[in-house]
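These notes concern the structure reproduced below.
The values are calculated or read from the model by the stated rules, or taken from the named source; none is laboratory data. All values reported here derive from a predicted model rather than from experimental measurement. Note that each Cβ is placed from the backbone with ideal geometry, even for glycine, and that neighbours are counted across all protein chains shown. Heavy atoms of the whole protein, side chains included, go into the accessibility calculation; ligands, DNA and RNA do not. Shrake-Rupley method; radii C 1.70, N 1.55, O 1.52, S 1.80 Å.
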Amino acid sequence: MHIRDILTQRRPCFSFEFFPPRTREGAEQLYATMVDLASLRPSYVSVTYGAGGSTRELTHGLIIRIHEHTGLTVVSHMTCVGSTKEDIRGILQEYQEHGIVNIMALRGDPPKGETTFRQPEGGFAYAADLVAFIKKHFPGMGVGVAGFPEGHPDTPNRLLEMDHLRAKVDAGADYICTQLFFDNRDFYDYCERCEIAGITVPIIAGVMPVTSLKGMQRMAELALGARFPARLTKSLVRAKDDEYVERVGIHWATEQVRDLIDHGVRGVHFYTLNRSKATLRIYETLGLKNVSAPMD
Ligand SMILES: Cc1cc2nc3c(=O)[nH]c(=O)nc-3n(C[C@H](O)[C@H](O)[C@H](O)COP(=O)(O)OP(=O)(O)OC[C@H]3O[C@@H](n4cnc5c(N)ncnc54)[C@H](O)[C@@H]3O)c2cc1C
């Protein structure tokens, strides 16, 4: 099923993001998480493509396994990093043959040790070019793109950034899924700015609970520029021990999701980090079980 079709339903869409594990232990952890979270009947699950294209084969293998062995709708992330157009064409061809029809088209972050993205020879410079390529050569594919409520660090000019986002939508993107954020006001403001820029595709809100102080540091590094509101930071620092930090983080994310639903959000995308506890808790507290199941 295409994500754009799921997004036409009256209920909000709830989705979960996983990354491809590199070790046997990690694979077992992910398997257990999938079993736990599949019971929540997510609208779809997505699998990331490691920074710098580092997990290319792992991502594809996992996508095909999820598609063939679970009944879940799956979205494969794909980046421009380190790939030629022909590499990308080959991957899309393989997906098409396996019946995978949803791609999250991204520029990608630079590989470890590098600070700036470099366009690969024979490849793409921006996600918009990847979207256009997919739509031209694989018109049956549904395409999502990334959005940044707090702004993307490479484009400090926020008006220009909206033009770049609009270019992805004009190239054929069906929806936008956002980077994580901790203050919903940033998301609502972003949605309004999209509307002003003439961007009318659905916007899915990315949510990631803080579950440890170390994790918080890592989020700050990965989601460059992520703003931790003082009220959240105060509570996390006060909690100190990871057990309590996790409770604070889950509570905060639960309130974020409650507020997003109350404001009529089209979808919530949970960055799970291959763990199920936080997402299960949020579902439980908000009584969300089955809320995203397909309409009968
Ligand atoms: C939901 C989500 C999932 C993600 N999954 C992954 C993943 O699996 N793997 C991974 O490596 N990374 C992932 N990322 C991170 C993402 O790849 C990086 O944040 C990357 O830096 C930006 O990607 P983009 O697709 O938004 O790029 P683009 O849309 O190409 O934008 C990149 C930057 O270039 C600017 N820009 C765009 N077009 C132009 C132009 N014509 N001229 C000048 N500047 C321009 C934009 O304003 C922006 O600052 C994800 C991010 C999100 C929000």
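How much length would be gained if the chain were fully extended between Thr70 and Glu255, taking 0.36 nm per residue of separation minus their Cα-Cα distance, in nm to one decimal? Before the final figure, lay out each step's value.
On the way: separation 185, 0.36 × 185 = 66.60 nm, distance 3.05 nm.
Full-extension gain reported as 63.6 nm.
Please turn the phi angles of region 68-81 into ³J(HN,Hα) values with the Karplus equation 6.51 cos²θ - 1.76 cosθ + 1.60 (θ = phi - 60°), one per residue in order, whole Hz, x for glycine and proline.
Calculated HN-Hα couplings, in order: 7, 10, 10, x, 7, 6, 10, 10, 9, 6, 9, 10, 8, 5 Hz.
Among Val201, Phe270, Thr8, pick out the residue whose Cα is farthest towards the positive end of the charge dipole of the chain, where Lys and Arg carry +1 and Asp and Glu carry -1 on C-beta, about the Cα centre.
After comparing all options, I get Phe270.
I need the phi-derived Karplus couplings for region 149-161: 6.51 cos²θ - 1.76 cosθ + 1.60, θ = phi - 60°, integer Hz, Gly and Pro marked x.
x, 8, x, 8, x, 6, 10, x, 7, 5, 6, 5, 4
Where does the chain land at 222 nm, in deg cm²/dmol rounded to the nearest 500, when only DSSP H runs of n ≥ 4 count, each adding -39500 (n - 2.57), divided by all residues? Working shown, then result.
Working: 11 runs with 135 residues, N = 296.
Value at 222 nm, helices only, nearest 500: -14000 deg cm²/dmol.
Within the set Lys168/Lys214; Lys234/Lys277; Lys168/Lys234, which residue pairs have Cα atoms separated by over 32 Å? Walk me through the numbers before you get to the answer.
Numbers: Lys168/Lys214 34 Å; Lys234/Lys277 23 Å; Lys168/Lys234 38 Å.
Correct reply: Lys168/Lys214; Lys168/Lys234.
Per residue, how much accessible surface does region 35-176 expose to a 1.4 Å probe? Answer in Å², no decimals. Walk me through the intermediate numbers first.
Working: 6330 Å² over 142 residues.
Result: 45 Å² of accessible area for each residue.
About the Cα centre, and with charges only on the beta carbon of Lys, Arg (+1) and Asp, Glu (-1), how big is the dipole of region 56-201? Nearest 20 debye, please.
On the way: 14 positive and 21 negative charges, 44 e Å.
That gives region 56-201 a dipole magnitude of about 220 debye.
Classify region 149-296: rounded, prolate or oblate, from the alpha-carbon gyration tensor (a ≥ b ≥ c, eigenvalue square roots; a/c under 1.5 rounded; otherwise prolate if a/b is larger than b/c)? Working shown, then result.
On the way: a/c = 2.20, a/b = 1.34, b/c = 1.64.
In terms of gyration-tensor shape, oblate.
Would you tally the net charge around Thr211, using a Cβ to Cβ cut-off of less than 11 Å, leaving Thr211 out, and scoring K and R as +1, D and E as -1?
Details: positive: Lys214, Arg218, Arg247, Arg275, Lys277, Arg281; negative: Asp242, Glu243, Glu246.
Value of the local net charge: +3.
Please tell me the relative contact order of region 113-270 in percent, rounded to the nearest whole number, where contacts are Cα pairs under 8 Å and at least six residues apart.
Rounded, it is 23 percent for region 113-270.
Percent antiparallel among DSSP beta bridges with both residues in region 51-192, to the nearest 5? Could the numbers behind the result be given before it?
Numbers: 0 of 12 bridges.
Close to 0 percent.
If we count every other residue with Cβ under 14 angstrom of Gly264's Cβ, Lys/Arg +1 and Asp/Glu -1, where does the sum land? Write out the running numbers ahead of the final one.
Working: positive: Arg10, Arg11, Arg258, Arg266; negative: Glu192, Glu195, Asp259, Asp262.
Around Gly264, the charge tally is 0.
Calculate, for Gln93 and Thr233, the FRET efficiency according to 1/(1 + (r/R0)^6) with r their C-beta to C-beta distance and R0 41 Å; round to the nearest 0.05. Can you show the working numbers first?
Working: r = 47 Å, r/R0 = 1.14.
Efficiency at R0 = 41 Å is approximately 0.30.
For region 118-217, compute Rg over Rh where Rg is the Cα radius of gyration and Rh is the Kirkwood radius from the inverse mean 1/r over Cα pairs.
Working: Rg = 14.9 Å, Rh = 14.7 Å.
Answer for region 118-217: 1.01.
For Lys234, what accessible area in Å² do you get when you roll a 1.4 Å probe over the heavy atoms of the protein chains, rounding to the nearest 10?
130 Å²
Testing the spin-label approximation: label points 7 Å from Cα along Cα→Cβ at Tyr188 and Thr23. State their distance in nm.
Here the answer is 4.3 nm between the modelled labels.
Using a simple charge model, +1 on the beta-carbon of Lys and Arg, -1 on the beta-carbon of Asp and Glu, nothing else, what dipole does the chain show about its Cα centre, in debye to the nearest 20? Please report the intermediate quantities before stating the final value.
Working: 34 positive and 36 negative charges, 78 e Å.
With only Lys, Arg, Asp and Glu charged at Cβ, the dipole is about 380 debye.
Which value, in Å², gives the accessible area per residue of region 214-257 when a 1.4 Å probe is used on the protein heavy atoms? Before the final figure, lay out each step's value.
Numbers: 2830 Å² over 44 residues.
Result: 64 Å² per residue.
Run the simple label-point estimate for Ala125 and Ala226 please: 7 Å along Cα→C-beta, distance reported in nm.
3.1 nm
At 0.36 nm per residue, and after removing the present C-alpha to C-alpha distance, how many nm does the segment from Thr155 to Ala51 gain when stretched out fully? Intermediate results must be reported in sequence, preceding the final value.
Details: separation 104, 0.36 × 104 = 37.44 nm, distance 1.94 nm.
This chain segment gains 35.5 nm when fully extended.
R0 = 41 Å: FRET efficiency of Val35 with Ala197, Cβ-based, nearest 0.05? Kindly include the intermediate steps, with their values, before the conclusion.
Details: r = 41 Å, r/R0 = 1.01.
According to the calculation, E is roughly 0.50.
At a 1.4 Å probe, what is the % contribution of carbon and sulfur to the accessible area of the chain?
51 percent
What's the FRET efficiency of Lys289 with Thr116 using the Cβ-Cβ distance as r and R₀ = 35 Å, to the nearest 0.05?
Working: r = 44 Å, r/R0 = 1.26.
FRET efficiency, Lys289 to Thr116: 0.20.
What is the chain's relative contact order, in percent, from Cα pairs under 8 angstrom and six or more apart in sequence?
On the way: 500 pairs, mean separation 66.2, N = 296.
It rounds to 22 percent for the chain.
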